[in-house]
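Have a look at the structure below before the remarks.
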Amino acid sequence: MYSYLKTISLFLFSSVLLLSCTAPERVANSNAPQQQQPSLNLERPIPYPIDISEAYLYAQMVGTRSFDGTPGEHYWQNYASYNLHATLDPETHTVYGTAQITYTNNSPDDLDIIVVELAQNLHRAGTPKLDITEITGGVNLTLIAANGIELEETTATARWIEGASGFINEGTQLYIFPEEILESGGEMDLEFEWSFVVPERGASGNSSGRMGRSRDNLYYIGYWYPHIAVYDDVYGWFYDPFIGNAEFYHGFADYELSVTAPREWIVMGTGEFLNPDETLSPIMLERYLEAGTRDETFMIADFDELDLATAESEDGFLTWRFRSEKVRDVAFSATLESRWEGSRTPVGDLTGNGQTDFTRINTFYRDTAPLWEEQTEYARHSVTFMSDYLQTPYPWPHMTSVEGADIIGGGMEYPMMTIIGDYNTAGPTRLYGVTVHEIAHMWFPMIVSTNERRYTWIDEGHTSYHTNEANIDFFGADRFDRRDTFSGYLQFAGTDFEGEIMRRSDFHYPGPAFGVASYPKPASVLYALRGILGDELFMEAHLAVIDRWKYKHPYPWDIFNTFEDVTGKDLSWFWRAWYYETWTLDQSVAEVYQDGEETVIVIEDIGNVPMPVFLKVTFKDGSTYENVYDVEHWLQGHRTREIRIVESQQVVQVQIDPEGLFPDVNRQNNTWNF
C-alpha cells in the first residue's frame with residue numbers, strides 16, 4: 001500500500017523515537033537510545049503527504065492500478081494497427097501520406113469520439129506555440145473516414161446540439177465523431193490521406209528540430225502521420241496540445257510502413273527492413289547482409305559509391321517496406337550523400353532459448369561529420385550496455401543513427417531510429433554521450449511508455465541517469481561519476497530558475513526551469529535515492545519498475561509505489577522533498593568541540609531537504625569512525641543535531657557524505673579539519 005507521511009500533528013505529539021544507528025565499540029554512548037522530543041517550535045518545514053491525482057486514486061479503486069505499484073488486476077490498454085504509406089517529393093519538400101488504421105477499444109467504455117494528434121500542425125499559422133516556429137501550413141487533410149464513411153468538417157455547436165458526425169481540427173488535435181459509437185471490445189477502421197511540406201527544423205522551435213530536412217541531401221521524417229491519442233485508464237483521452245516543447249504520449253501499435261522516394265535516395269525506417277533485395281543493388285545487398293554478421297564496423301556504401309547503392313527502377317522510384325510490432329511510433333530517414341556503415345551488437349537472451357541474440361546497427365553520416373567515423377562503435381556499446389544494465393534486452397531488429405546537422409544540434413529518439421547533430425565542435429566525448437542518451441530512450445519511454453508531455457522527468461531523468469552510468473562504463477570512473485549529473489542541477493538549485501519536478505512540463509517558467517526539472521535534477525535524485533538504499537536494493541526496485549511497466553503506461557505514483565513496495569520503506573518524505581518542492585540539501589559540520597572526555601560534533605541541516613547524515617570521523621592515528629544517522633530527527637522539525645563521541649584519540653577531521661552520494665548545494669561546509 002502507498003505509505004503517507006505522518007501529519008505534522010503526529011510529529012508534534014508522537015511518542016519518543018529512538019535512534020537506529022550502530023557504532024563501533026570504541027565510541028562510547030554515541031548510539032545508545034536517545035530520546036528525541038518533538039519540538040513544539042518547528043525550525044524547518046516538514047514534508048507533508050504528496051499530492052496524488054484524484055483520477056489515479058479512482059484507477060486504484062477500480063483495480064486498474066494497484067497500491068503496491070503493479071498494474072492492477074483490471075489494467076487494460078487500447079491498441080492499434082497502422083498501415084502507412086509515405087511518398088517523398090524532394091523537389092517540393094513534400095510528404096504525401098495515406099493511412100489505414102484499425103483501432104481496438106479494450107477499455108470498459110464506449111467511445112463516441114476518437115482523438116488524433118497532428119503534430120505537424122505546430123507549423124500552421126495560428127496554432128499555439130511556445131517558441132518561434134517555421135510556418136509551412138501544417139497538415140493538409142484530404143480524406144478522413146471512419147468505418148468506410150467519409151467525414152466532413154463540423155462545428156462544436158453542431159456536434160453537441162445536433163449530435164452531428166464529422167471532425168473538428170483544432171491546433172494539433174483532430175477530434176473525430178464517427179456515425180457509430182465504438183463500443184467496448186469493438187474495433188473501428190479509420191482512413192486518412194494528407195500531405196505536408198517538410199520544415200527545415202520540425203516539431204520544435206527554430207533553434208533545433210526533432211525532424212526536418214537539410215542541404216537537399218537529407219530528410220528525417222518523424223511526427224508525420226495522424227496518430228491516435230492515448231485513451232488510458234486514468235484520464236481517458238489525452239487532449240493536451242503539442243506546443244513544441246514537452247514531447248509525446250503514445251500508445252503501442254503494430255505498423256506496416258512503406259516509403260516511396262526517387263531511386264537514388266537510401267531510406268531506413270522503424271521496423272524490420274522487409275525488402276532489401278528489391279531496393280538495394282546486388283553488391284550493396286551483399287554488404288548489407290554481411291554487416292548483420294560483423295562485430296566490427298563494416299562499410300555498406302561509401303561516399304563515392306552512393307550512386308551505385310540502390311536498385312534500378314523503370315519509373316525512377318523505389319518503395320522501401322518495414323514492419324514493426326508493439327512500438328509507440330515510426331520514423332524514417334532518406335539520405336542522398338550519407339555514408340552507410342553497419343554492424344551487429346549483442347543484446348542478451350531475447351528469446352529465452354539460452355542463446356545470445358543480436359541487433360543490427362546502422363549509421364548514416366555525411367562527409368562534413370568526421371567524428372561520426374566512431375559512431376557505430378558508440379551505438380554498439382550503448383545498446384549492449386543498456387541491455388545488460390537494465391536487464392532488458394533490446395527487443396527490435398535494428399538501431400539506426402542518422403547524422404542530422406542543420407536539423408538538430410543535440411539528438412532526438414524514435415523507436416529504432418535517432419537523429420543526432422554532427423558534434424564537430426562539441427567533440428567525441430559529447431557525441432558518445434548524446435548517442436547513448438538517445439539509445440537509452442529505447443527503454444524510457446519506448447518500452448516503459450510514459451507521458452512525456454506532462455511528466456518529461458520520468459523519461460529524461462531516468463535516461464540522464466542511465467547516460468551517466470554508460471559514460472562511467474565507457475570512459476572509466478576516473479573521468480565520470482555521479483557529480484557529472486549533479487553539476488547540471490546544482491548550478492540552478494534553490495534559485496528562481498528552478499521549478500518543481502512534478503510541475504506539468506509545459507507549465508514551467510521560461511528559461512532553464514523545464515530543462516533542470518526534466519534532466520539533471522531527477523537524475524541527481526535517483527542517485528540520491530541510490531545513496532540511501534544502497535546499490536543492490538536500489539537496482540532491485542529500479543529494475544522492478546521496468547519489469548512491471550514494460551509495454552505499459554506508468555504514472556509517477558506507480559514508480560513511487562513500486563520503490564516502497566520493493567524496499568519495504570516509507571519514502572513519502574523523499575518524494576515530497578525532492579519531487580514536489582524546490583527545496584535544497586545543505587548539511588553542514590557547524591561545530592566540533594571538546595566537552596570533558598567527549599568530542600561533540602554539531603550537524604546543522606541548513607537546507608529544507610531532509611536526508612540521512614552519512615558521517616565519517618578521522619582520528620589522529622588514522623583510524624576512522626563511520627555511521628549513518630537516519631532522517632527521523634530532521635522530520636521532527638529540528639535543524640541541528642549533536643553527536644557525542646568518546647575516544648582517546650584526537651579528532652582531526654569530520655566529513656558529511658564523504659563519498660559524494662548526495663547533491664548537496666554547498667560541499668565546502670561538509671568538512672571540518674582540526
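The values are calculated or read from the model by the stated rules, or taken from the named source; none is laboratory data. On a predicted model such as this, the values are computed, not experimentally measured, just so you know. Neighbour counts are summed over all protein chains in view; Cβ atoms, including those assigned to glycine, are modelled from backbone coordinates with ideal geometry.
One residue stands out in region 159-200 among those that are aromatic (F, W, Y) and at pLDDT 95 or above: the one that is nearest to L218 (Cα to Cα), namely F196.
The numbered conditions (1) modelled with pLDDT of 95 or more; (2) surrounded by fewer than 20 Cβ atoms within 10 Å (Cβ to Cβ) are all true for L42 except (1).
Which count do you get for residues in region 58-71 that are surrounded by 17 or more Cβ atoms within 10 Å (Cβ to Cβ) and either out of contact with any strand residue (DSSP E or B) (no Cβ under 8 Å at 6 or more places or on another chain) or not β-branched (V, I, T) (or both)?
Taking region 58-71 and keeping what is surrounded by 17 or more Cβ atoms within 10 Å (Cβ to Cβ), we get 59-60, 64-66, 69-71.
Restricting the remaining residues to those that are either out of contact with any strand residue (DSSP E or B) (no Cβ under 8 Å at 6 or more places or on another chain) or not β-branched (V, I, T) (or both) gives 59-60, 65-66, 69-71.
The qualifying residues number 7.
Just one of the listed residues (V617, V613, V654) is buried (at least 19 other Cβ atoms within 10 Å of the Cβ) and without any contact (Cβ under 8 Å) to a residue 40 or more places away in the chain, namely V617. Among the candidates T429, T418, T392, the residue that is free of Cβ contacts under 8 Å to residues at least 24 places away in the same chain and either part of a loop (DSSP other than H, G, I, E, B) or not charged (D, E, K, R) (or both) is uniquely T418. Here E264 clears all of (1) part of a strand (DSSP E or B); (2) over 24 Å from N105 (Cβ atoms) except the condition numbered (1). Checking D388, D459, D406 one by one, the residue that is buried (at least 24 other Cβ atoms within 10 Å of the Cβ) and either at pLDDT 95 or above or within 21 Å of F474 (Cα to Cα) (or both) is D459 and no other.
May I ask you to say which residue of L537, L533, L543 is surrounded by fewer than 22 Cβ atoms within 10 Å (Cβ to Cβ), touching a Leu at 6+ places or on another chain (Cβ under 8 Å) and touching a residue at least 12 places away in the same chain (Cβ under 8 Å)?
Criteria check complete, one pass: L543.
Which is in contact (Cβ under 8 Å) with a residue 40 or more places away in the chain, surrounded by fewer than 18 Cβ atoms within 10 Å (Cβ to Cβ) and not in a loop (DSSP other than H, G, I, E, B), of D254, D304? Steps first, answer last, please.
On the way: D304 fails: in contact (Cβ under 8 Å) with a residue 40 or more places away in the chain.
When all the criteria are applied, what remains is D254.
Would you confirm whether any residue within region 590-599 is in a loop (DSSP other than H, G, I, E, B) and in contact (Cβ under 8 Å) with a residue 24 or more places away in the chain? Working first, answer last.
Within region 590-599, the first condition is being in a loop (DSSP other than H, G, I, E, B), and the residues that meet it are 596-597.
Checking the rest, the ones that are also in contact (Cβ under 8 Å) with a residue 24 or more places away in the chain come to 597.
Within region 590-599 (the criterion being in a loop (DSSP other than H, G, I, E, B) and in contact (Cβ under 8 Å) with a residue 24 or more places away in the chain), the answer is yes, since at least one residue qualifies.
When we screen L141, L122 for residues that are closer than 17 Å to Y175 by Cα and within 26 Å of the chain's Cα centre (by Cα), the only hit is L122.
On the basis of being touching a residue at least 60 places away in the same chain (Cβ under 8 Å), out of contact with any helix residue (DSSP H, G or I) (no Cβ under 8 Å at 6 or more places or on another chain) and on the phi < 0 side of the Ramachandran plot, does T584 make the cut?
Numbers: touching a residue at least 60 places away in the same chain (Cβ under 8 Å): yes; out of contact with any helix residue (DSSP H, G or I) (no Cβ under 8 Å at 6 or more places or on another chain): yes; on the phi < 0 side of the Ramachandran plot: yes.
Answer is yes for this residue.
How about region 615-665: which strands (runs of 3 or more DSSP E) wholly inside it have at least 2 residues that are among the aliphatic types (A, V, I, L, M), out of contact with any Gly (no Cβ under 9 Å at 6 or more places or on another chain) and not assigned by TED's automatic domain parsing to the domain that holds Q491? Full working, then the answer.
On the way: elements: 624-629, 640-646, 651-656.
Result: 640-646, 651-656.
A single entry from F322, F385 fulfils the requirement of being within 27 Å of T450 (Cβ to Cβ), in contact (Cβ under 8 Å) with a residue 12 or more places away in the chain and assigned to a strand (DSSP E or B): F322. With the condition kept exactly as written, say whether any residue in region 97-104 is in a loop (DSSP other than H, G, I, E, B) and either crowded, with 17+ Cβ neighbours inside 10 Å or at pLDDT below 95 (or both). No - not one qualifying residue is present in region 97-104.
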